[in-house]
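I have placed the structure first, in the form of structure tokens, so that the comments after it can refer back to it.
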Amino acid sequence: MSQPNQQNEESENKMSFDEEYYLNETFNGKDLSESELKEIEFTGCTFEKVNFEKTKLKYVRFENCTFKSCNLGLVKLTGSRFIDCEFFDCKMIGINWTEAEEPVKIKVESSKIDYSIFFAMDLRRIEITECEAREVNFENADISKGKFNGTNFISSKFKNTNLSASDFREASNYDINPEFNKIKKAKFSMPEVMTLLQCFDIEIS
């Protein structure tokens with residue numbers, strides 16, 4: 001049975017939004033898990049250690065916002081927009097980004113984005129660096145001119161993906177077939193770049 005002070009603390013951390021527009025505000029340590037936000041606009045706001053797990057974001061607009069150490073696992077993005085937003089040290093597992101309104105313009109650093117879906121999305125100039133990206137679906141997506149330095153792409157899917165002029169230096173465990181993806185002017189580093197040759201059934205010594 002919960003103690004009264006624990007219940008009061010949980011109640012204080014629970015958060016709701018009464019306004020339709022928030023500008024340059026900071027939200028710290030709040031719990032929005034399994035709640036619903038609808039038709040709200042955030043501009044220049046900072047979210048730090050905010051729990052968005054399983055939150056339903058319906059037609060919410062984030063512009064020039066920063067997320068630090070937040071949990072966005074399994075968040076629903078129905079019609080929501082992300083314009084020039086940055087995520088640092090966040091848990092972003094299992095997000096279906098195709099539910100968001102395009103284009104999605106985000107920078108993700110030192111975060112976990114496992115099991116996310118970016119299928120057939122316009123993600124030009126996206127940045128996903130120093131991240132864990134297990135089983136992420138990039139099929140049919142345009143990630144040209146993106147930056148993916150230092151990210152672990154184990155079991156992620158790249159097919160009919162436009163990687164032109166993207167930067168995969170220091171990235172690892174990617175499985176990219178040059179026959180089924182556009183890689184013109186993309187940057188890779190040794191030794192991982194050698195995996196691009198696997199589809200040609202050749203021996204390298």
One residue is enough: does segment 80-88 have a residue meeting the conditions surrounded by fewer than 16 Cβ atoms within 10 Å (Cβ to Cβ), at pLDDT 95 or above and part of a loop (DSSP other than H, G, I, E, B)? no
Please indicate, with yes or no, whether at least one residue in segment 118-140 is hydroxyl-bearing (S, T, Y) and more than 28 Å from N64 (Cβ to Cβ). no
Kindly indicate whether any position in segment 90-97 is over 11 Å from the mean Cα position of the chain (by Cα), open to solvent by less than 50 Å² (accessible area, probe 1.4 Å) and under 22 Å from E25 (Cα atoms). no
Tell me, please, whether a residue that is part of a strand (DSSP E or B), over 18 Å from W97 (Cα atoms) and over 18 Å from the mean Cα position of the chain (by Cα) can be found in segment 47-54. no
Quick test of your reading of the structure: S110 fulfils all but one of (1) surrounded by 19 or more Cβ atoms within 10 Å (Cβ to Cβ); (2) of a type in the set (S, T, Y); (3) under 26 Å from T161 (Cα atoms). Name the failing condition by number. (1)
Report yes if M121 is within 25 Å of F88 (Cα to Cα) and either open to solvent by 30 Å² or more (accessible area, probe 1.4 Å) or of a type outside the set (K, R) (or both), otherwise no. yes
Could you list, in sequence order, all residues of segment 124-152 that are part of a strand (DSSP E or B) and farther than 17 Å from G94 by Cα? E127, T129, D142, K147
In segment 123-169, what residues are more than 19 Å from E86 (Cα to Cα) and aromatic (F, W, Y)? F138, F153, F158, F168
Residues of segment 100-122 that turn out to be in a strand (DSSP E or B) and more than 14 Å from E86 (Cα to Cα), as a count: 2
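The values are calculated or read from the model by the stated rules, or taken from the named source; none is laboratory data. All values reported here derive from a predicted model rather than from experimental measurement. Cβ coordinates were reconstructed from backbone atoms using ideal geometry, including for glycine residues, and neighbour counts include every protein chain displayed. Side chains included, ligands, DNA and RNA excluded: accessible areas come from the protein's heavy atoms. Shrake-Rupley method; radii C 1.70, N 1.55, O 1.52, S 1.80 Å.
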